[in-house]
Amino acid sequence: MEDLSFKEDKPRVLKVLEALKQASHELQAHPNHKSADSNSSAIKALLELETESDSILSKDPHLSTLSQDLADLKTLVETLEHTRGHGLRSFLTRRVSTHSISRVAGSIESEIQAWIDRESIESLIKGLKEPWKNEDELVRLLTQFEDRVSQGFDRELQNLVLKSKAFPVLQSVLCEPSCSKWIRENAAFCVAALIRFNKDVFVGQVNMEESKDLDMKVLAFDCILVIGYFGRKEAVEAMLKGGLIEKLVELQRSELGGDLIEMGNFDDESKEIHDKSRDEREKIFLENHPFASCVARFAVQLEVGEGLRQREKRAFKRDILQRIREASIGDAEAATIIAEVLWGSSP
């Protein structure tokens, strides 16, 4: 069980670890015998913090490796200090010690980041389970998580996310009507960031999102477009079997849908709109009709996307066309949607 005093001391622990991380990063950025000298600012900071952090690190088993790394660093610096000669042996010893110091500094930075990630995800999951308690803090945690994931792939971070089951928790919050729009929007950003982080792992975990809230429907559709572009066969297949095309046909049929080929009629409603460029007019049209040509827009993402082989794209296109025919009310509706899918959604 975690020590209560350690829990209360976590802000100070984080401050010390952030300082250690910065010093470690500086040491790696300048891997030479001068930067590894005990008089360098990075080494001084690390050694001073090593003394201060000793009592802190001993209270958390996750920080035991970091504690050992700091002890190793101190030994390496002392070894370097005792090799001041100009002979070949001294030169080689210094080179080896400098390389070892840089390696240990890298390990220190990695261990600290892993601890910070673990604590951040733990706090986020706890907050997501009771999203109404402190919305400001939860949004801060969601933004922090999105920023971290957006830094690029990190295997340790991915393992932490998978182990914590953060992805399904985020999806459940995204579709929870009792949560505020503010929280659900930030949860959607995190879902999209995870898909970009590693599409091969997280795109397969996506479920068709359901919501009665319009803004959430739009966000969910945006996520589906991202999945369509990056998704592999299993993910796309699961969405189609889950009734995605049928739902999109229904949305396109609604007053918020329509076809982009109808944009000319929309232009006639206002001279101000008519005078704008085509891209600007299309943007305004989609703001008022967010599900216009949504079936074709999804099909286009599959067509130009990165996740499928050509033969898989052709097979899914046939499947989509058949599902459109079955979901449409009458031949006219089917013909319009099919034409958009075959030729693209642009008028």
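Part of a helix (DSSP H, G or I), closer than 28 Å to Gly152 by Cα and at pLDDT 75 or above: does that describe Leu225?
Answer is yes for this residue.
When we screen Ala187, Ala220 for residues that are more than 22 Å from Ser293 (Cβ to Cβ), part of a helix (DSSP H, G or I), out of contact with any His (no Cβ under 8 Å at 6 or more places or on another chain) and among the small types (Gly, Ala, Ser), the only hit is Ala187. Among the residues of segment 241-258, just one is over 16 Å from Ile329 (Cβ atoms), within 26 Å of the chain's Cα centre (by Cα) and surrounded by 16 or more Cβ atoms within 10 Å (Cβ to Cβ), namely Leu244. Of the residues in segment 289-301, not one is touching a residue at least 24 places away in the same chain (Cβ under 8 Å) and surrounded by fewer than 14 Cβ atoms within 10 Å (Cβ to Cβ). Comparison of Leu170, Leu162, Leu174 shows that the only residue that is touching a residue at least 12 places away in the same chain (Cβ under 8 Å) and either in contact with a His (Cβ under 8 Å, 6 or more places away or on another chain) or surrounded by fewer than 20 Cβ atoms within 10 Å (Cβ to Cβ) (or both) is Leu162. Glu282 passes every criterion in (1) under 25 Å from Met216 (Cβ atoms); (2) modelled with pLDDT of 85 or more; (3) surrounded by fewer than 19 Cβ atoms within 10 Å (Cβ to Cβ) apart from (2). Regarding segment 302-320, can at least one residue be identified that is at pLDDT below 95, surrounded by 12 or more Cβ atoms within 10 Å (Cβ to Cβ) and of a type in the set (Phe, Trp, Tyr)? No, the conditions are met nowhere in segment 302-320. Restricting attention to segment 327-345, the residues being in contact (Cβ under 8 Å) with a residue 24 or more places away in the chain and of a type in the set (D, E, K, R) number 2.
Does segment 146-164 contain at least one residue that is of a type outside the set (A, V, I, L, M), assigned to a helix (DSSP H, G or I) and modelled with pLDDT under 90? Scanning segment 146-164 turns up no residue that is of a type outside the set (A, V, I, L, M), assigned to a helix (DSSP H, G or I) and modelled with pLDDT under 90.
The values are calculated or read from the model by the stated rules, or taken from the named source; none is laboratory data. Here the structure is a predicted model, which is why all the values come from computation and not from measurement. Reconstructed Cβ throughout: ideal geometry from the backbone, glycine too, with neighbour counts over all protein chains shown.
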